[in-house]
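The values are calculated or read from the model by the stated rules, or taken from the named source; none is laboratory data. These numbers come from a predicted model, not from an experiment. Don't worry about glycine lacking a Cβ; one is built from the backbone with ideal geometry, like all the others, and counts go over all protein chains shown.
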């Protein structure tokens with residue numbers, strides 16, 4: 001159950017804090033006041049699609065926080081435990097922030113969670129009936145989804161087993177069709193694959209070879225640079241025009257001078273020392289050079305090999321290992337293609353086996369659906385009686401569509417899809433004497449709203465959802481039908497919490513809690529506020545809904561009478 005909702009900087013809502021109770025909470029207000037924005041906020045809190053457009057103009061982020069309470073044995077507890085979320089006092093605090101940049105942050109009881117995790121939890125907490133959701137009844141392809149949603153514990157394992165076999169069936173059919181009908185393309189592909197395989201095989205690649213070669217190249221490239229530098233240094237000292245000879249000549253000339261004058265004795269000694277140091281340095285350089293391994297021919301071989309490998313990488317993979325994996329895969333594909341006839345026979349045999357199993361599962365799924373359809377139709381008829389459609393007939397047709405290339409089920413070939421061999425259609429005869437016809441073709445807007453309310457009520461019982469939210473479920477109804485919807489919402493709210501947006505005074509009169517949504521505007525900003533109404537404020541609000549802009553004593557008296565009648569209905573139900 002939703003206990004509290006806090007919204008800040010969301011669309012036209014600046015800051016709103018709402019406390020909810022059990023029973024029926026009704027939200028009313030002028031058109032455009034922001035009633036549906038409140039539903040949008042709850043939807044986004046529970047993992048709905050977020051958009052930066054929801055962030056109030058001029059603000060950095062929107063914030064939504066909800067406090068939920070549930071029973072100690074609620075199914076959602078197991079899911080929360082699997083997610084690693086601690087729960088105390090059977091309460092849950094969900095918080096979502098949406099930045100103006102579009103970034104979103106979600107927390108459950110303070111723990112960061114992903115949107116997908118939030119969406120897993122949501123259905124156990126709240127079921128939201130959108131403003132135009134009843135129109136999905138006009139889409140015949142959706143009927144099978146509604147039926148399956150009502151299904152008992154048998155439908156899930158049956159559908160899971162069918163889906164597994166259907167995936168195998170489709171894969172085998174696709175491969176068989178490809179081999180059988182694309183022979184020309186296959187020949188061209190085989191030529192291409194043979195060329196690619198030959199190119200890879202002739203390269204004689206070894207796993208990890210590129211990495212080893214790069215390491216060796218780096219080592220050899222460094223050795224080459226060192227050798228050339230050392231050779232240059234050695235030749236500068238010992239080679240032609242060598243430095244040591246020039247120093248030796250200078251020493252000899254100074255020795256001649258010293259025979260006549262001792263003044264340059266110290267200079268002579270300096271040069272003589274330099275001569276021997278240069279000679280020793282040259283020896284050391286040569287010795288170090290001899291310790292370095294450098295094989296120019298090997299370096300050339302490595303570079304050539306790496307060029308070849310890089311050429312293959314551009315075609316077949318980012319590494320030698322990936323190239324080899326690709327080579328193995330195309331070799332397998334070639335084997336498969338070259339053994340085409342054998343492969344076709346294998347596929348046909350396997351497809352026949354899978355098709356037999358699939359037919360069994362499809363038939364089982366279909367039988368379960370037919371049984372569920374009978375139960376759901378009876379349940380909907382019963383609900384429609386409470387919604388001023390007491391003499392309506394409602395049936396659910398579960399049929400199969402013949403298809404020459406379809407699945408063989410006991411000698412008949414039926415069209416098969418990812419949902420089975422069934423097509424499901426809701427049929428209704430709103431009035432006695434009328435034939436059953438598709439809901440999508442004859443139901444009025446008001447009838448669609450009531451059928452959807454009936455289905456939502458039934459599905460909520462099946463799913464054990466604590467809170468139901470209806471956004472204008474009463475669209476297209478008035479008079480006695482409106483009163484019937486009002487009483488139905490009130491009855492549903494005795495089993496679970498119900499929040500409903502409405503424009504109908506009959507529905508609003510049934511509220512246990514009545515909230516009015518108002519839009520306030522000034523020159524600087526627009527702001528939506530939510531206010532709980534007292535009895536007298538409810539009288540005024542219902543009078544407005546009854547009489548439009550003019551609230552008179554007459555409309556107030558009518559409103560009081562409507563509230564009194566609503567109390568009588570509640571007491572009858574609870575008595």
Unmet criterion (only one of (1) out of contact with any helix residue (DSSP H, G or I) (no Cβ under 6 Å at 6 or more places or on another chain); (2) touching a residue at least 40 places away in the same chain (Cβ under 8 Å); (3) buried (at least 17 other Cβ atoms within 10 Å of the Cβ)) for residue 420: (1)
Do any helices (runs of 4 or more DSSP H) entirely within region 443-508 hold 1 or more residues that are buried (at least 18 other Cβ atoms within 10 Å of the Cβ) and out of contact with any helix residue (DSSP H, G or I) (no Cβ under 7 Å at 6 or more places or on another chain), and if so, which? 445-463, 479-492
Test residue 52 against the criterion of being surrounded by fewer than 17 Cβ atoms within 10 Å (Cβ to Cβ), out of contact with any helix residue (DSSP H, G or I) (no Cβ under 7 Å at 6 or more places or on another chain) and more than 30 Å from residue 491 (Cα to Cα), and give yes or no. yes
Please tell me if residue 122 is buried (at least 17 other Cβ atoms within 10 Å of the Cβ), at pLDDT 90 or above, touching a helix residue (DSSP H, G or I) at 6+ places or on another chain (Cβ under 9 Å) and part of a helix (DSSP H, G or I). no
Of 64, 85, which residue is in contact with a strand residue (DSSP E or B) (Cβ under 6 Å, 6 or more places away or on another chain) and more than 30 Å from residue 12 (Cβ to Cβ)? 85
Would you mind finding the one in 462, 429 that is within 21 Å of residue 374 (Cα to Cα) and at pLDDT below 85? 462
Contacts under 6 angstrom Cβ, first residue in region 149-176 being in a loop (DSSP other than H, G, I, E, B), partner modelled with pLDDT of 85 or more, 6 or more apart: 151/372; 154/368
Check whether at least one residue in region 186-201 is more than 41 Å from the chain's Cα centre (by Cα) and closer than 30 Å to residue 296 by Cβ, and report yes or no. yes
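Each row is one residue, and each column tells you yes or no for (1) modelled with pLDDT of 90 or more; (2) within 27 Å of residue 459 (Cα to Cα).
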| site | (1), (2) |
| --- | --- |
| 52 | no, no |
| 83 | no, yes |
| 86 | no, no |
| 90 | no, yes |
| 96 | yes, no |
| 102 | no, no |
| 126 | no, yes |
| 139 | no, yes |
Has region 443-452 got any residue that is touching a strand residue (DSSP E or B) at 6+ places or on another chain (Cβ under 8 Å) and within 18 Å of residue 31 (Cα to Cα)? no
Which one of the conditions (1) on the phi > 0 side of the Ramachandran plot; (2) assigned to a strand (DSSP E or B) does residue 62 fail to meet, given that it meets all the rest? (1)
